[in-house]
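What follows is a single structure, and I will ask about it in a moment.
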Amino acid sequence: MLGMALAALDSTIIATAVPQIVGDLGGFAVFSWLFSGYLLAVTVTLPVYGKLSDTYGRKPILVTGIALFLLGSLACAGAWDMGSLIAFRILQGLGGGALQGTVQTIAADLYPMKERPKIQSKLSSVWAASAVAGPALGGLLTSYGDWRWIFLVNLPVGALALWLILRHFHDARRDRPTAGRRARVDWPGALAVFAAGGLLLTALVQGGTAWPWLSAPSLLLLAGSALAAVATVLIERRAAEPIIPGWVWRRRTISAVNLALGALGLLMVAPTVFLPTYAQAVLGLGPIAAGFVLSVMTLSWPISAALSSRVYNRIGIRNCALLGIGAAALVLLAFPLLPYPGAAWQPALLMLALGATLGLFQLPLIIGVQSSVGYAERGTATASILFCRQVGQSLGAALFGAIANVTLNDRLTHAPAAIRAGLPHDLDAVSRALQHAGALTTRAADYLRRAVDTTVEHVYLGAAAAAALAFLTVLVLAPRRFPVHTEARTVTTADTTTNEGVGTNDGADAPSTG
């Protein structure tokens, strides 16, 4: 949990310090890469670390990840310009990729299926606490100290995590494929995965913002990603120990969950990216209050996840996931029905319900995948679903960003002639204009608020469509009874024989028997 806290806090604490960082180091035009560079490094390294943890064991990979993260944090605190800070953030991300995937895998290694929802909910509570405490701590450090402390605060937390892991965590390394022989790591495949993912995510993150979608940089990046993906497939087919083995997509259980969680990443962009803008521009809330409207989702999510075992033990993993994502689609569809301008408790209530539904969706699917494989494949399987979720988020940012721009441009183009002159032309500019609404007429300010309201409503409708896509994916592709590897069955025989949605399996996705 302390190791996970490093990654969780980092994602929330830095946002409040951006104005001070830009004021000190400059580089306003590229500061978004403080987030994008970190995201790229985390995403493209997830499958690599997953395979390495299966090859060398969990402990050395987790220790390496924490060490890289702390080294990156120390370097960030000493950054001398925006370019160096971005480079050190990428170094942090190289460690963050090891943290996110390996911690989830270790939880599956150590605890049987019956206890796993409770343990995973504790890990989720780290993210919930960080969502609330991160912005407040970041604001406190930057107001009464220096922005560099937001990185230095990682050092004592990480040092304690390292000490506890080195002292108390003993990796059994059961069923390792490399036992008794020298491990071979597919480094060409790792570089190809890194290149394909890095080029794709760079195109998605920068397209439509740094340059137009159909411009030469976007087209070159997308073409390069496609070529790197082809090279990845060719390399992985010939590799003795591939980074992304073919069974990840050949097994029905894992491929279905990969696609479903990719759709989850897609829909999560609506609340995490656009809801704060809605809360500030339409409801007139301050940044802290707007953050609270979003953070209630992270409070109900782990509670729902902890209770999900009572649901899937009765109706099965597949049906539990269908119930969760079906309810999530209804919650997302309810957002456009909110009154204008409405009160803050109304979207907060919807986000509370959304967190509860997604807790019933995500965790059972992750547990189902982790239980369908043995120790020697669990790191790779876990990393694959986290990788797909991250890629889904990047795709969602690009897709919903385009939807938002099209909707807002249409509203601004068709504004009444009396107020059209001087209106801003993008969502960020509209938000800034509404923060200083005194410079606008009452009619112009109200028109802009309604434009933002319509824009976010369209984004939420897109998120509901993504939830429907996840529902259909699970309904059509996921097995009715999730298979359980014999290793998991020997640990949790009592659980698997009473679970309607779980069967037994020897490691492949053959029809379940128990």
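The values are calculated or read from the model by the stated rules, or taken from the named source; none is laboratory data. These numbers were taken from a predicted model, which means no experiment stands behind them. Note: ideal-geometry Cβ built from the backbone for every residue, glycine included; neighbour counts use all protein chains shown.
Taking the conditions exactly as written (at pLDDT 90 or above and not β-branched (Val, Ile, Thr)), does Ala321 satisfy them or not? Explain how you work it out, then say what you get.
Working: at pLDDT 90 or above: yes; not β-branched (Val, Ile, Thr): yes.
So Ala321 fits the description; yes.
Within segment 20-32, does at least one residue satisfy the condition of being buried (at least 24 other Cβ atoms within 10 Å of the Cβ) and in contact (Cβ under 8 Å) with a residue 40 or more places away in the chain?
Taking segment 20-32 and keeping what is buried (at least 24 other Cβ atoms within 10 Å of the Cβ), we get none.
No; the residues of segment 20-32 include none that is buried (at least 24 other Cβ atoms within 10 Å of the Cβ) and in contact (Cβ under 8 Å) with a residue 40 or more places away in the chain.
Go through Asp24, Asp54 for me and flag whichever is assigned to a helix (DSSP H, G or I), outside the structural domain of Leu386 (by TED's automatic domain parsing), among the acidic types (Asp, Glu) and within 21 Å of Gly145 (Cβ to Cβ).
Answer to the selection: Asp24.
Kindly state which helices (runs of 4 or more DSSP H) lie completely within segment 75-160 and contain at least 2 residues that are under 20 Å from Thr298 (Cα atoms).
82-110, 116-144
Right, something else. Quick check on my filter: what residues within segment 283-333 are free of Cβ contacts under 8 Å to residues at least 24 places away in the same chain and either surrounded by 17 or more Cβ atoms within 10 Å (Cβ to Cβ) or in a loop (DSSP other than H, G, I, E, B) (or both)?
Gly286, Ala290
Can you list residue pairs whose Cβ atoms sit under 8 Å apart, with the first residue in segment 85-110 being at positive phi and the second being buried (at least 21 other Cβ atoms within 10 Å of the Cβ) and aliphatic (A, V, I, L, M)? Count only pairs 6 or more apart in sequence or on different chains.
From residues that are at positive phi, there are no pairs.
So is Phe31 farther than 26 Å from Pro245 by Cα, within 14 Å of the chain's Cα centre (by Cα) and in the same structural domain as Gly83 (by TED's automatic domain parsing) or not?
Spelling it out, it is not the case that Phe31 is farther than 26 Å from Pro245 by Cα, within 14 Å of the chain's Cα centre (by Cα) and in the same structural domain as Gly83 (by TED's automatic domain parsing).
Take the residues of segment 334-359 that are surrounded by 15 or more Cβ atoms within 10 Å (Cβ to Cβ), more than 17 Å from Ala128 (Cβ to Cβ) and small (Gly, Ala, Ser): which is modelled with the lowest pLDDT?
By that ranking, first place goes to Ala344.
If you don't mind, another one. Can you tell me which condition Ser372 does not meet? The list is (1) of a type in the set (Ser, Thr, Tyr); (2) free of Cβ contacts under 8 Å to residues at least 40 places away in the same chain; (3) surrounded by 24 or more Cβ atoms within 10 Å (Cβ to Cβ), and all the others hold.
The single condition Ser372 does not satisfy is (2).
Considering only residues of segment 49-99 that are crowded, with 24+ Cβ neighbours inside 10 Å and of a type in the set (S, T, N, Q), which is nearest to Leu39 (Cα to Cα)?
Among those residues, the one meeting the criterion is Gln92.
Could you say which residue among Trp163, Trp149 is under 30 Å from Arg378 (Cα atoms), out of contact with any His (no Cβ under 7 Å at 6 or more places or on another chain) and at pLDDT 80 or above? Reasoning before the result, please.
On the way: Trp149 fails: under 30 Å from Arg378 (Cα atoms).
Just one listed residue meets the conditions, Trp163.
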